[in-house]
Amino acid sequence: MTNLHLWNKGDNVLLRGMYDSRPVYVQSLRVVKDTPKETVLLIWPGAECVAPSTYIQHGHAAWDRWSETLSNTLNMEKYIWHTNRFLILLEPEKFYSTICIWDAASHKFVCYYINFQLPFRRTPLGFDTLDLDLDIVIDASREWKWKDEEEYQAAIRAGVIRSAWVREIECSQTEVFSRLEQRAYPLDDSWLNWQPDPSFSLPYLPKNWDEVIY
């Protein structure tokens with residue numbers, strides 16, 4: 001597969017976090033848009049996903065992510081996505097994604113979520129990246145706050161998050177706050193009234209969800 005391969009609207013794809021050539025989380029999604037400049041993916045309650053069992057059972061706060069990851073003790077289990085609808089906007093080469101989040105039951109917009117991550121890589125299954133812990137949450141009134149700062153700093157100290165990645169994240173922060181201040185796309189509210197295509201069926205995990213194919 002080359003970087004010129006583009007997905008069609010409605011295709012079932014995977015967004016995977018990869019560490020040391022193995023998946024550490026997997027989401028199944030539907031493609032809303034895929035162009036050389038932007039990819040938009042949709043996940044909503046009922047979608048099939050995979051995550052470490054400790055995370056599924058105890059949640060983010062009680063999960064020692066990097067201890068399990070580095071010791072190769074992750075026990076991956078399937079689970080069903082619930083509660084929120086995510087519209088994930090990916091831009092090539094960027095160290096973050098922009099996520100629009102709605103409460104799926106009420107359709108109420110919850111927040112923008114800036115997820116710092118490695119630039120995505122296209123695969124025959126979808127897109128591979130790696131979550132780098134640090135996030136920015138921007139509410140409907142455009143007030144913002146940091147999220148997972150302690151986890152981010154701990155990962156830096158442990159050498160998991162490399163210094164080169166930290167520099168890229170710092171540059172990305174400047175871009176994000178500039179976009180927020182200027183109400184520039186994708187933080188211009190242009191997606192807030194968007195509704196999913198009713199013809200989309202729930203995303204699912206293919207049998208080879210864990211294969212590494214580049």
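Read-outs: derived from the displayed coordinates by stated rules, not from any lab. Every value quoted in this text rests on a predicted model; they were computed, and no experiment measured them. When we count neighbours, we look across all protein chains shown, and the Cβ atoms used for this are built from the backbone with ideal geometry, even at glycine.
Just a few scattered comments:
- 20 Å Cα-Cα reach of Lys9 towards lysines, excluding residues that sit fewer than 8 places from it in its own chain: Lys33, Lys37
- Using θ = phi - 60° and Karplus 6.51 cos²θ - 1.76 cosθ + 1.60, couplings along the stretch 9-23 (whole Hz; Gly, Pro as x): 4, x, 4, 8, 9, 10, 10, 10, x, 10, 9, 6, 6, 9, x
- Whole-number D in µm² s⁻¹ for the chain, Kirkwood Cα-pair radius fed into Stokes-Einstein, 37 °C, 0.692 mPa s: 184
- Placing unit charges on the Cβ atoms only, positive for Lys and Arg and negative for Asp and Glu, gives the stretch 140-214 a dipole magnitude near 80 debye about its Cα centre.
- Once C-alpha pairs closer than 8 Å and six or more residues apart are averaged by separation and normalised to the residue number of the stretch 33-164, the relative contact order reads 17 percent.
- Cα-centre dipole for the stretch 116-166 with unit charges at Cβ (Lys and Arg positive, Asp and Glu negative), debye to 20: 300
- Computed FRET value (nearest 0.05) for Glu175 with Ser71, which takes r as the C-beta separation and R₀ as 30 Å: 0.30
- The stretch 36-105 - Kirkwood radius from inverse mean 1/r over Cα pairs (Å): 14.0
- Distance between the 7 Å Cα→Cβ label points at Lys9 and Glu38: 1.4 nm.
- Charges were assigned to the Cβ only: +1 to each Lys and Arg, -1 to each Asp and Glu. The resulting dipole of the chain about its Cα centre is roughly 420 debye.
- Proportion of all alpha-carbon pairs of the stretch 114-214 beyond 23 Å (%): 48
- The chain - mean residue ellipticity at 222 nm from DSSP helices (-39,500 (n - 2.57) per run, n ≥ 4, rounded to 500): -5500 deg cm²/dmol
- Potential extension, Asn208-Asn193 segment - 0.36 nm per residue separation minus Cα distance: 1.9 nm
- Positive-end residue, the chain charge dipole about Cα centroid, Cβ charges, pick of Ala51, Ile80, Pro206: Pro206
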